[in-house]
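The values are calculated or read from the model by the stated rules, or taken from the named source; none is laboratory data. Bear in mind the structure is a predicted one, so any value in this text is a computation, not a measurement. Cβ coordinates were reconstructed from backbone atoms using ideal geometry, including for glycine residues, and neighbour counts include every protein chain displayed.
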Amino acid sequence: MTSFARLLRDARTQLSAVLSLESNVAGLEANMLLGHVLNQSRTYLLTNPEQAIDAVNLAVFEALLQRRLNGEPIAYILGRREFYGLEFYVTSDVLIPRPETELLVELALEYIPLNQPTRVLDLGTGSGAIALTLATLRPQALVTAIDSSLHALAVARHNAKALDVHNVYFIESDWLNSLDPAIPFDVIVSNPPYIASNDPHLQQGDLRFEPRQALQSGADGLQAIREITQKASTFLTRGGHLLFEHGYNQGAQCIALLLAQGYTDARCFRDFNGLDRVTSGNKS
């Protein structure tokens, strides 16, 4: 029989060697996988190092570990990812929520009053992480979340039910094409695809497993952002705000796109790594 301690040690060594993970990260992932299999906390595993794992659970753990060693993101293996203090169900039909995107939420919250009805639109909602976080923190807001993928919308609806959020409405739409401009929004947010179609990073790491249509956006990565900046003002109230995430080297281009469409106060904000990450503008 194999003890928890030995199993975790061996798994950490494999994860470090195969995926080039730092030892502490590899150890954390090993704990997450074993905790998932046993439905136990990390504390339980660490305080019971000599406890043996049975054959059935060992086989399940080894299968999950092999998926991770093959490069599959641990969020897809576990079926969950934390974002802004909330836990979201994720599948390979949606992007994995990332810490960098929390900046977009923080900036959007500045434009959504706590105790006042505000109409908010999330373009390309995916798992619903942005829309549902905003709706949770601003319960008076009326949030519309759209996506062109029915599979993604199913994941987002699952998360809305799990989080008991009732002020988000989901719509299937190819960007803004199914919406009525006669019912404008005060704030529009988006984490659109912004990677160039020939970018080698698409063949590396987690990106290999994520939905390609949510990642790549034309030859220069700006196809979706161009469409959003061109059309969004029609769906904004006067003085309304547009905020969207983009690549670290696209900030200047995004500001130029906003200015060309008549937005005012176009600004770029940096993430916790000091990289350009979110650009915003106001409808004049």
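Per-structure values
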| item | result |
| --- | --- |
| Residues (closer than 25 Å to residue 273 by Cβ, touching a residue at least 12 places away in the same chain (Cβ under 8 Å), among the small types (Gly, Ala, Ser) and outside any loop (DSSP other than H, G, I, E, B)) located in region 208-258 | 214, 224, 251, 252 |
| Residue in region 49-59 that is nearest to the chain's Cα centre (by Cα), counting only those that are of a type outside the set (A, V, I, L, M) and within 19 Å of residue 29 (Cβ to Cβ) | 57 |
| Selection from region 130-156 of residues that are over 13 Å from residue 187 (Cβ atoms), without any contact (Cβ under 8 Å) to a residue 60 or more places away in the chain and β-branched (Val, Ile, Thr) | 133, 136, 146 |
| Tally of residues being without any contact (Cβ under 8 Å) to a residue 24 or more places away in the chain and among the aromatic types (Phe, Trp, Tyr) across region 43-92 | 1 |
| Elements of type strands (runs of 3 or more DSSP E) in region 111-199, at least 1 residues being among the small types (Gly, Ala, Ser) and in contact with a helix residue (DSSP H, G or I) (Cβ under 8 Å, 6 or more places away or on another chain) | 142-147, 185-190 |
| Test result for residue 239, on the phi > 0 side of the Ramachandran plot and surrounded by 20 or more Cβ atoms within 10 Å (Cβ to Cβ) | no |
| Per-region count, region 72-87, residues closer than 24 Å to residue 273 by Cα, of a type in the set (Gly, Ala, Ser) and in a loop (DSSP other than H, G, I, E, B) | 1 |
| Residue list for region 35-69, filter: of a type in the set (S, T, N, Q) and either assigned by TED's automatic domain parsing to the domain that holds residue 210 or in contact with a helix residue (DSSP H, G or I) (Cβ under 9 Å, 6 or more places away or on another chain) (or both) | 40, 41, 48, 51, 57 |
| Condition met for residue 162 (small (Gly, Ala, Ser), surrounded by fewer than 18 Cβ atoms within 10 Å (Cβ to Cβ) and out of contact with any Lys or Arg (no Cβ under 6 Å at 6 or more places or on another chain)) | yes |
| Qualifying residue in region 88-98 (condition: part of a helix (DSSP H, G or I) and buried (at least 22 other Cβ atoms within 10 Å of the Cβ)) | no |
| Region 25-42 residues that are at pLDDT below 95, paired with ones that are crowded, with 19+ Cβ neighbours inside 10 Å and not hydrophobic (A, V, I, L, M, F, W, C) (beta carbon under 7 Å, 6 or more apart) | 42/31 |
| Single unsatisfied condition, residue 111 versus (1) touching a His at 6+ places or on another chain (Cβ under 8 Å); (2) closer than 23 Å to residue 21 by Cβ | (2) |
| Test result for residue 123, crowded, with 18+ Cβ neighbours inside 10 Å, touching a Pro at 6+ places or on another chain (Cβ under 7 Å) and either modelled with pLDDT of 95 or more or over 23 Å from residue 283 (Cα atoms) (or both) | yes |
